[in-house]
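The values are calculated or read from the model by the stated rules, or taken from the named source; none is laboratory data. Remember, it's a predicted structure, so these values are computed and weren't measured experimentally. Methodologically, a virtual Cβ is constructed for each residue, glycine included, from the backbone with ideal geometry; neighbour enumeration extends over all protein chains shown.
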């Protein structure tokens, strides 16, 4: 199953027979005090740096989040979408919990965006899915509802199926435009959590067949040597059926682990991309 995302002049295809899709997470003010202060002053110059660093690191899609206290998120989203699209042709993931910001971002965007995200709560489904349908976007679905963030993979699968059923039957959104987030939880809180995420990925892949993404940084939150953990986790998740992830594309350790897994899982024919990247690093070192 292929999910196609588009900018004005380029596209990315997500699928289990495609190279793993790296979604750059950096354009997000959460936990970035200086960036927040800049945005409140209307200074978006840091976004230019974040875009350049993530593209250089290997991001194929950029997640764009402007959510923070004491700021006009709607206006910032409009400005940020315009700015990022003037800087790069990679597709965007419009990321907000505010309906008005999602609407404004999708209306401003040129292309087919990914929307991050919708839960299985009835109220959220009925608020966000009409926007996804109106703008012809793709959507990330989170398998939690009004009552819980489920621990059991079987319950996560049940809620994922609800999202898919509502999106496809009620709003006629193509199933290939639905990505499920299997919920990556921090291993520092409980060392059994990653196994549950991997089991959820396997269940969703085998039962629903849809593409999946997750916040890869969540797995290592609170632990030392986070890059090592991310580099170990993502190839395991790819083998189970994960086809994309939102991650820090500035981390060579994680990106190279993903590219190695692409090669080993036969998603890099003849190793062309792996060899080209190796030669590019050699050339950079020599210069």
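Some points to look at:
- Subset tally (residues that are surrounded by 17 or more Cβ atoms within 10 Å (Cβ to Cβ) and part of a helix (DSSP H, G or I)) for the stretch 134-160: 6
- Test: residue in the stretch 22-31 that is at pLDDT below 95 and surrounded by fewer than 21 Cβ atoms within 10 Å (Cβ to Cβ): yes
- Residues within the stretch 89-116 that are touching a strand residue (DSSP E or B) at 6+ places or on another chain (Cβ under 8 Å), free of Cβ contacts under 8 Å to residues at least 60 places away in the same chain and more than 19 Å from residue 29 (Cα to Cα), tallied: 2
- Within the stretch 173-287, helices (runs of 4 or more DSSP H) holding 2 or more residues that are under 21 Å from the mean Cα position of the chain (by Cα) and closer than 30 Å to residue 136 by Cα: 193-207, 217-220, 226-240, 252-264
- Look at (1) without any contact (Cβ under 8 Å) to a residue 24 or more places away in the chain; (2) assigned to a strand (DSSP E or B); (3) in contact with a helix residue (DSSP H, G or I) (Cβ under 7 Å, 6 or more places away or on another chain) and you find that residue 64 fails only one, number (1).
- Some residue of the stretch 42-61 being part of a loop (DSSP other than H, G, I, E, B), within 17 Å of residue 81 (Cβ to Cβ), touching a helix residue (DSSP H, G or I) at 6+ places or on another chain (Cβ under 6 Å) and modelled with pLDDT of 95 or more: yes
- Selection within the stretch 175-207: residues that are at pLDDT 95 or above and surrounded by fewer than 19 Cβ atoms within 10 Å (Cβ to Cβ). The member of this set that is nearest to residue 31 (Cα to Cα) is 195.
- Any hit, the stretch 67-78, residues being assigned to a helix (DSSP H, G or I), closer than 17 Å to residue 247 by Cα and at pLDDT 95 or above: no
- Test: residue in the stretch 20-37 that is over 25 Å from residue 221 (Cα atoms) and in contact with a helix residue (DSSP H, G or I) (Cβ under 8 Å, 6 or more places away or on another chain): no
- Any hit, the stretch 1-10, residues being touching a strand residue (DSSP E or B) at 6+ places or on another chain (Cβ under 7 Å) and either at pLDDT below 95 or in a helix (DSSP H, G or I) (or both): yes
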